[in-house]
Amino acid sequence: MAFLRSVAFDPLPILRGDGLYLRTPVMTDHPAWAELRDRSRGFLAPWEPIWPADDLDRTAFRRRLKRYGQEIRNDTGYPFFLFRAEDHQLLGGLTLSHVRRGVTQACSLGYWMGEPFAGRGHMSEAVRTVLGFAFATLRLHRVEAACLPHNAASLNLLEKVGFTREGYARRYLCINGSWQDHVLYAILAEDPVLRSARHPPRIA
């Protein structure tokens, strides 16, 4: 694919949605990212793996970016930070990970939102925008997501955007220090979802 050759050395395109945009994380994002994650630690902890002791450090962030670059080059993962368009405020992040090609053409969607910006519809719009990238640019056929059964906000978001509940996985992921069950969702390229998820995203 010509696209895969282009991202071997270049950052991902900027994806623009309604009132927000998504772009590849860079080193200058560290102060805003670390501040927002630290401020949201209690809010995020129940839904994420336990953070390493140095998770918010600059050196750890640099390692994170190195891993992101390797994933992009290998066509296995595509990370984005989410920004508000009007003032470039960092709101959260999304990742398309575990990309599988061949007869599968699928990936997993993960996302997080800073506590001050949760519940305002930003992540719903961001997910619609990144789905456009997944289907139109990466040419994937299927995007999957796993959600804790008691995470009502995330369950509602996935269903609102157009994901279909497909199953239930026992002790699926180690979250907040314990193996926890997850509800499994997926959306397909041909599903009758919202227009913004069916067509190419606006790319800067």
*Inspect all residues belonging to segment 42-63 and state whether any of them is modelled with pLDDT of 95 or more, part of a loop (DSSP other than H, G, I, E, B), farther than 20 Å from residue 130 by Cβ and of a type in the set (Phe, Trp, Tyr).*
yes
*Name, by its number, the condition in (1) at pLDDT 95 or above; (2) under 21 Å from residue 44 (Cβ atoms) that does not hold for residue 119.*
(1)
*asked:* For segment 96-142, give me the residue count where each residue is out of contact with any strand residue (DSSP E or B) (no Cβ under 8 Å at 6 or more places or on another chain), surrounded by fewer than 16 Cβ atoms within 10 Å (Cβ to Cβ) and within 20 Å of residue 76 (Cβ to Cβ).
replied: 4
*Applying the selection to segment 160-179, what residues are surrounded by 13 or more Cβ atoms within 10 Å (Cβ to Cβ), aromatic (Phe, Trp, Tyr) and in a strand (DSSP E or B)?*
172
*asked:* Taking the condition of being outside any loop (DSSP other than H, G, I, E, B) and touching a helix residue (DSSP H, G or I) at 6+ places or on another chain (Cβ under 6 Å), how many residues in segment 133-159 meet it?
replied: 4
*Filter segment 3-30 down to the residues that are among the aromatic types (Phe, Trp, Tyr) and at pLDDT below 95, then identify the one that is farthest from the chain's Cα centre (by Cα).*
9
*Could you please let me know if residue 148 is within 22 Å of residue 22 (Cα to Cα) and in contact (Cβ under 8 Å) with a residue 24 or more places away in the chain?*
no
*Test residue 170 against the criterion of being of a type in the set (Lys, Arg), modelled with pLDDT of 95 or more and within 20 Å of residue 71 (Cα to Cα), and give yes or no.*
no
*When you scan segment 84-114, how many residues do you find that are of a type in the set (Lys, Arg) and closer than 20 Å to residue 70 by Cα?*
2
*Among 139, 165, which is among the basic types (Lys, Arg) and free of Cβ contacts under 8 Å to residues at least 24 places away in the same chain?*
165
*Provide a single number: the residues in segment 17-41 that are exposed (fewer than 15 other Cβ atoms within 10 Å of the Cβ) and assigned to a helix (DSSP H, G or I).*
7
*Could you tell me which residue of segment 72-95 is surrounded by the fewest Cβ atoms within 10 Å (Cβ to Cβ), considering only residues that are touching a residue at least 60 places away in the same chain (Cβ under 8 Å) and hydrophobic (A, V, I, L, M, F, W, C)?*
85
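The values are calculated or read from the model by the stated rules, or taken from the named source; none is laboratory data. Predicted model, so just to flag it, every value in this text is computed and none were measured. For neighbour counting, all protein chains shown are included, and Cβ atoms are generated from backbone atoms with ideal geometry for every residue, glycine included.
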